[in-house]
Amino acid sequence: MQKKLNRIAKDTNTFLKEFIKKQKRSELIIPMQYGLFSGGKKIRSKILIDVGSLFKINYKSLIIVGSAVECIHAYSLIHDDLPCMDNDSLRRGKPSTHIKFGESTAVLAGNSLLTMAFEILSHKSLDISEKNKNNLINKISESSGHLGIAGGQYLDLNYEHKKVSKKNIIEMEKKKTGKLFSFCCAAPLILKNKKKKEIKKFEDIGSDIGLLFQVADDLIDHKGSIKIAGKKTGKDKKKGKATLISLLGYKNTIKYANDLIIKINSKIKKYGKKSQNLSHTLNYILNRNK
């Protein structure tokens, strides 16, 4: 698993470095690179490639699409860490972008990474039809805005120190984290010109994978170390965050996560051996705090 993740991370970073190198230099390039090349595991790109392998999608195309995903993800983390959001001073074991460069620069660097994702998907290096490019851009835009990451972050902040139902917590986490995973699962089917019904099926799978990822992240914050998390832990409880742990308790949340894996595996089992990579990634997501 680690070898595969390392290869995907290396190939994704190589593409992104070359893409940025060909652009005109600006004062924001350095903080953008700081947030983008901060040592993330590239699990979203791994999911994208796992699903792509089910449909025999060209690896290079998936790396390019994954590079756009990583730009969106990096933008969201830069903004999440801001004092007006989650106020985190550490990210992946080093100072957050706003600590290193200042708040205004961090906001602008995040915005620039967000827009660069669309530039990557519309670029000639992604050798697919214009129709498919438009569909990818439309889907990733939906995943990033008020119906996705931004909307989920709003709910996350709004739910602090409030009694929130299980249904609403799940909805929030599926927006905040699940929507980008939904895109990663839908993108290969868009590239393969699959019907809307089948694309929707994989969007739902991605939503559950994103929920699994967020639950695992909450478990790390609850009991994990700063070394594993790359940021201060125990913050969710201090901030009164609405999580499944705060509602169900630690053990019941672990059971919920394991049930999620069973649910996802049942949906992909028809692909036989080809689905093993995705199954292994699901287990890695839940157990990466160990």
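The values are calculated or read from the model by the stated rules, or taken from the named source; none is laboratory data. Fair warning: this is a prediction, and the values are worked out from it, not measured in the lab. Cβ sites come from the backbone with ideal geometry, for glycine too, and all protein chains shown count toward neighbours.
Quick notes
- Residues that are part of a helix (DSSP H, G or I) and not hydrophobic (A, V, I, L, M, F, W, C), drawn from segment 11-38: D11, T12, N13, T14, K17, E18, K21, P31, Q33, Y34, G35
- Residue within segment 82-91 that is within 28 Å of L278 (Cα to Cα), of a type outside the set (V, I, T) and either out of contact with any Phe, Trp or Tyr (no Cβ under 6 Å at 6 or more places or on another chain) or not in a helix (DSSP H, G or I) (or both) present: yes
- Which listed residue, of S246, S207, S182, is more than 17 Å from the chain's Cα centre (by Cα), assigned to a helix (DSSP H, G or I) and either at pLDDT 90 or above or buried (at least 19 other Cβ atoms within 10 Å of the Cβ) (or both): S246
- Qualifying positions in segment 160-179 - on the phi > 0 side of the Ramachandran plot and buried (at least 23 other Cβ atoms within 10 Å of the Cβ): none
- If you go through segment 123-159 and pick out every residue that is surrounded by fewer than 16 Cβ atoms within 10 Å (Cβ to Cβ), among the hydrophobic types (A, V, I, L, M, F, W, C) and not in a helix (DSSP H, G or I), you end up with 1.
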